[in-house]
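Below is one structure, written out as structure tokens; comments come after it.
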Amino acid sequence: MNAPELALGIFSLETPDGKVWLYDTGSGYPAENGWAGDFNAGRDLVAPFLKERGISELAGVMISHAHYDHFGGLIWLKEHFPIRRLIDSGYAFLGESDPAYAAELGHYSRLRADFAERGLHQAAHAGDRLALDARLDVEVIAPPKAFFANPSGAVRAPCDQPAHYLVNANSLGLRIRFGEIVFYLPGDIQTEDIDRSLLPGVDRAKLKCHVLIAPGHGIHGSKAFAEATRPEVSIASVFPRYARGLKSTPEFKAVGAKVLITGIHGWVRIESDGRTYTVTVEHPDAK
């Protein structure tokens, strides 16, 4: 495993056999004449990263969930790079939502359908294994095939509508093991769903990891989740304006994790031979 790299909602993975996968593709919000803020992570971050390394195609893209800050980059990438497979949880929110969420979720449904029509889409659920590389053991941790619903007793903020929290809850969560080293990517599952849906239904041994991508950009998490995962390194992928005061930071520090935040430390690169791993960051001395 070589050089996973993070920006907002992007994790690139070069497998031992040299194939490149993405877990999420970063932000891209369509606007009337292009992209909001003239920014699309696929065009502005991922493509330069791939071209610099001489990578001309992607073995596949795994999308955690259907929100623009995670799949927006794919809208651009699919028109400019060969992508051999799209993997997601297969979740589709069928309830009512405001027009903005309806447009966003509809856009992803159309994108997914495009891959499905070409025989390139795979829906994956808890217990499935993904054949990314013969030397990697990639297990889907969540969601279950029946998907997560709003758990009993969970209280949501008035602004947190189901088109947001249920889509987040049903993020594609992956455990990637290379030899003795374990990575865990839980997507944007929120605190209420971690504690009331994920933790009660998952073998805690499968959550223990060396490297964790903090759920929900580090905004979400809980003491119980930190104690179950006990990462040596926790990485929160978040823009600088959100990087200070993340909820999960003290929780992961309390279990001994080194906490890295892309909005503070810049890009993060992890290289492993299956026995050990090294961590390199863009701004190692940033506080």
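What follows is calculated from the coordinates using simple rules that are stated; it is not laboratory data. Bear in mind the structure is a predicted one, so any value in this text is a computation, not a measurement. Virtual Cβ from ideal backbone geometry, glycine too; neighbours counted across all protein chains shown.
Taking a 19 Å limit on the Cα-Cα distance, which of the listed pairs K51/K78; K247/K287; K145/K223; K78/K145 fall beyond it?
Beyond 19 Å between Cα atoms: K145/K223; K78/K145.
Can you say what percent of the DSSP beta bridges in region 2-281, counting only those with both residues inside, are antiparallel? Round to 5.
Approximately 65 percent, going by the DSSP bridge assignments.
Could you derive backbone 3J(HN,Hα) for region 125-138 from the dihedral phi with the Karplus parameters 6.51, -1.76 and 1.60 (θ = phi - 60°), listing whole Hz in sequence and x where the residue is Gly or Pro?
9, 3, x, 6, 10, 9, 8, 7, 6, 4, 9, 10, 9, 10
For the residues W76, W21, what sequence is obtained by ranking on other C-beta atoms within 10 Å, fewest first? All intermediate terms of the calculation are to be shown ahead of the outcome.
Details: W76 20, W21 25.
Final ranking by Cβ density, sparse to dense: W76, W21.
Can you find, among L105, A31, W267, the residue sitting farthest towards the positive end of the charge dipole of the chain, where Lys and Arg contribute +1 and Asp and Glu -1 at Cβ?
Of the options given, the answer is W267.
Can you sort H121, H217 from fewest to most other Cβ atoms within 10 Å of each residue's own Cβ?
Going from least to most buried by this count: H121, H217.
Give a residue-ordered list of calculated ³J(HN,Hα) values for region 231-244 (Karplus: 6.51 cos²θ - 1.76 cosθ + 1.60, θ = phi - 60°; whole Hz; x for Gly, Pro).
Once rounded to whole Hz, the list reads x, 7, 9, 10, 10, 9, 9, 7, 5, x, 5, 10, 6, 8.
Calculated from the structure, percent of Cα pairs over 32 Å apart equals which of (i) 29; (ii) 17; (iii) 25?
Read-out from the structure maps to (ii).
Exposure proxy check: I55, I141 ranked by fewest other beta carbons within 10 Å?
Fewest-to-most Cβ neighbours within 10 Å comes out as I55, I141.
Three principal axis extents, largest first, for the C-alpha atoms of region 83-177, in Å?
Each principal axis gives a Cα extent; for region 83-177 these are 46, 31, 18 Å.
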